[in-house]
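Everything on this sheet refers to the single structure shown next.
The values are calculated or read from the model by the stated rules, or taken from the named source; none is laboratory data. What you see is a predicted model; the values in this text were computed from it and never measured. Because the Cβ atoms are built from the backbone with ideal geometry, glycine has one as well, and the counts that use them run over all protein chains shown.
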Amino acid sequence: MSGNLGDLLEAARRRRFVGRERELACFDDALHGRGTCRVLFVHGEGGIGKTTLLHEFAARVRVAGRIPVQIDGRDIDAAPPGVAAAIRLALGDRDGLPAGAVLLVDGYEQLTPVDGWLRDTLLPTLSADTVVVLAGRDPPSAPWRTDPGWGDLTAVHRLRPLGPAEGDDLLAHAGVAPDLRPHLLTLARGHPLTMALLADQAAAGRVPGSLADAPDLISALLESFLRDVPGEAYLTGLATCAVAWLTTEDLLRRLVGADAPAVWRWLAGQPFITSGPHGLSIHDLVRDVLHAEFERRAPEPFRRTRWTVYIEAVSRLRAAPGPDAQLHAQQLFFLLRSSPLAGTLAGLRAQGSTHVVTARPDEHDQVCDVIERFEGPASADLARAWLTVQPQQLSVVRSAGRVAGLALNLLCPTGSGLEEQDPVVRAVLAHVAREAPARPGELVDISRFLSGADEHQRDRYALLAGPVSSIVEWLTHPLAWSFIVTVDPDHWGPFFDYMAFARLVEVDSGGRRHVVYGIDWRRIPVDTWFDLMHERGRTGATGPPPAALLRPPPLDRARFGAAVRAALPALHRPDRLAGSPLLGTALAATTSGPDVDRLRAVIEDGVARLGAEPRGDRLRAVLDRTYLRAAPSQEAAAQILGLPLSTYRRYLAKALDHLTDLLWTVEIGDVRPDTRS
């Protein structure tokens, strides 16, 4: 055996090296003088493979008969003498880089103080055939890109995660059994250091089900990802990125207050965070690692962060016009990323900007063609007919200039005879009428058609279009029920089981069996449902909602009105108010269950809102002196208000009717008062 241990080490590294063809091609061109590039910037988050790539560059330099000069910014005094000393040491105590040398600098983010000196003073003195590679976590500073000279001589490469085939090769070289590799690839998300650490775990017979099951691995990854975090507000910023699909400065302001601009700038500068037109997006692996760490170390503060992200998205969705509402719905959908379809969701996210939007009229034919291809002409005819009734209810995903996914959500009653002609809608509405009818002002939401252009209801774009468009409906309309129709229950059944949607209706239409899953929102409010989904993401629970979360069956309009009248005299008697049927309604709902104080606050808010209506001051005053600041008797109240008793009683009857109407809008979800507790 010839050579030394270093030769064996280099050979082993080269055998295990995978991927990075683009960066290698650029380096080879520079090494052999093809083209003008002489400086390569390689940047990316910790563990993404920068050092491994530099080792491969060094090996290629030696094969080409040139001299690699390797220095590491983490071991250097960041001043010109320190850099010069490091180069001299790497050359065996020789001064100056010899002609044809290749300078390979790792940890370049540590040399920021000498970046200008290196660019303006050191590099211009090197021979014309010198190649320089600067590898660090941060992208190059502006002068490298804006200076006309350096812009021509410099190539910039951000290292991305390895692809599935490259990752499989890496794990194979590490000795991981073929049957284990798909699971480890899913956990690692293409991150080389994570794959190496997981391969070590597999070699020891410890294959974690999730990153959260391997705290030592998480600690190692956190050390690679994060440099010093400046303070608590910045940790909160990281926690926000771990939860949110997109992090905005407005969202950060809700969580860290006046520190939001500084936290935003710091986050945007992290190598594992990308800044886009709608906000900041974190690399999925870093998200997984941070999520697991925050859940382990500070579960309650992390839960509050997640709830704040939810509240911000909901409030903005309800206030936003159409296209913006879809964007906020995607934020909410992303909170469900621990669902059985999480893998598909991750794949969609990796593609970048894919959005759900309201369809244009000229896309209706494309949509109907997709439906006809998968479900037949009868279904396509029904879809075409529904699009003449509620065209605004069609949502699509566009890709490569075509409709890639679609969802048609009907809001019933529509006033159309199609409700009887469509066998599926007819069966759904019959179920509603039989089990728990919609009350005045309430709607029934039916996701009638759902498809992707290529793989029907198993298409990833169907996964995006369906839930996102449904979330918009759930949060912007006073719904009694929501239903989702599928012709592929084997695929969607586990997802609906996770969502606590029950299998309620089955009907044949167009020669296919349609299975309908549904939920009664009057029994479990949407806010409570989202919290349940997060909990299920952690525990893996499925099936119907826990009985403790369910409200009593909904009151009809007459019983609701009677309950309001009975509750008013008990407003200041919590013991009596606790027995009100209203405690099982939206008027008393909080995130932790029904609450007497919440019920009283919502009723008092209704009285105040009554005063804001035209000629409502007198009605508010009558209720105020009768129930809120009650006079000893109706006669006394009339006297205080300066009204004849008969007039007072007429006003009181009218005020009670108006108050009941206002509170009914809260009960059915048409209005949401600002009294969240």
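Laid out as a table, the results:
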quantity: First in the range 464-493 and over 17 Å from VAL444 (Cβ atoms), second anywhere and of a type in the set (Ser, Thr, Tyr), Cβ under 6 Å, 6 or more apart; calculated: ALA465/SER395; TRP492/THR486
quantity: LEU643 being farther than 30 Å from LEU479 by Cβ, at pLDDT 90 or above and part of a loop (DSSP other than H, G, I, E, B); calculated: yes
quantity: Residue match in the range 298-305 (condition: of a type in the set (D, E, K, R), over 30 Å from LEU198 (Cα atoms) and free of Cβ contacts under 8 Å to residues at least 60 places away in the same chain); calculated: yes
quantity: Scope the range 124-141; condition within 24 Å of LEU53 (Cβ to Cβ), aliphatic (A, V, I, L, M) and at pLDDT below 90; matching residues; calculated: LEU126
quantity: Yes/no for GLY33 being touching a residue at least 12 places away in the same chain (Cβ under 8 Å), farther than 12 Å from VAL131 by Cα and not in a strand (DSSP E or B); calculated: no
quantity: Tally, over the range 475-504, of residues that are surrounded by fewer than 20 Cβ atoms within 10 Å (Cβ to Cβ), assigned to a helix (DSSP H, G or I) and not acidic (Asp, Glu); calculated: 5
quantity: Residue in the range 639-656 that is without any contact (Cβ under 8 Å) to a residue 60 or more places away in the chain, within 23 Å of LEU583 (Cα to Cα) and either assigned by TED's automatic domain parsing to the domain that holds PRO581 or surrounded by 13 or more Cβ atoms within 10 Å (Cβ to Cβ) (or both) present; calculated: yes
quantity: Residue that is more than 20 Å from LEU193 (Cβ to Cβ), under 39 Å from the mean Cα position of the chain (by Cα) and acidic (Asp, Glu), where the choices are ASP129, ASP115; calculated: ASP115
quantity: From GLU109, GLU166, residue being closer than 14 Å to MET195 by Cβ, part of a helix (DSSP H, G or I) and in contact (Cβ under 8 Å) with a residue 12 or more places away in the chain; calculated: GLU166
quantity: Contacts under 7 angstrom Cβ, first residue in the range 391-408 being in the same structural domain as VAL485 (by TED's automatic domain parsing) and surrounded by 24 or more Cβ atoms within 10 Å (Cβ to Cβ), partner in a strand (DSSP E or B) and charged (D, E, K, R), 6 or more apart; calculated: LEU408/ARG448
quantity: All positions within the range 181-205 that are assigned to a loop (DSSP other than H, G, I, E, B) and either touching a Pro at 6+ places or on another chain (Cβ under 7 Å) or in the same structural domain as LEU267 (by TED's automatic domain parsing) (or both); calculated: ARG189, GLY190, HIS191
quantity: When residues of the range 413-472 are limited to those that are assigned to a helix (DSSP H, G or I), in contact with a helix residue (DSSP H, G or I) (Cβ under 7 Å, 6 or more places away or on another chain) and modelled with pLDDT of 95 or more, the one surrounded by the fewest Cβ atoms within 10 Å (Cβ to Cβ); calculated: GLU420
quantity: Enumeration of residues in the range 558-596 that are touching a residue at least 60 places away in the same chain (Cβ under 8 Å), over 22 Å from ALA438 (Cα atoms) and under 33 Å from the mean Cα position of the chain (by Cα); calculated: THR590, THR591, ASP595
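For (1) modelled with pLDDT of 90 or more; (2) surrounded by 19 or more Cβ atoms within 10 Å (Cβ to Cβ); (3) not assigned by TED's automatic domain parsing to the domain that holds LEU335, each residue gets a yes or a no:
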site: GLY231; (1), (2), (3): no, no, no
site: GLY237; (1), (2), (3): yes, yes, no
site: VAL243; (1), (2), (3): no, yes, no
site: ARG253; (1), (2), (3): yes, no, no
site: ASP259; (1), (2), (3): yes, yes, no
site: PRO271; (1), (2), (3): no, yes, no
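Rundown of residues vs (1) hydroxyl-bearing (Ser, Thr, Tyr); (2) outside any loop (DSSP other than H, G, I, E, B); (3) modelled with pLDDT of 85 or more; (4) more than 30 Å from LEU221 (Cα to Cα), yes/no style:
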site	(1), (2), (3), (4)
ARG13	no, yes, no, no
LEU24	no, yes, yes, no
ARG88	no, yes, yes, yes
LEU97	no, no, no, yes
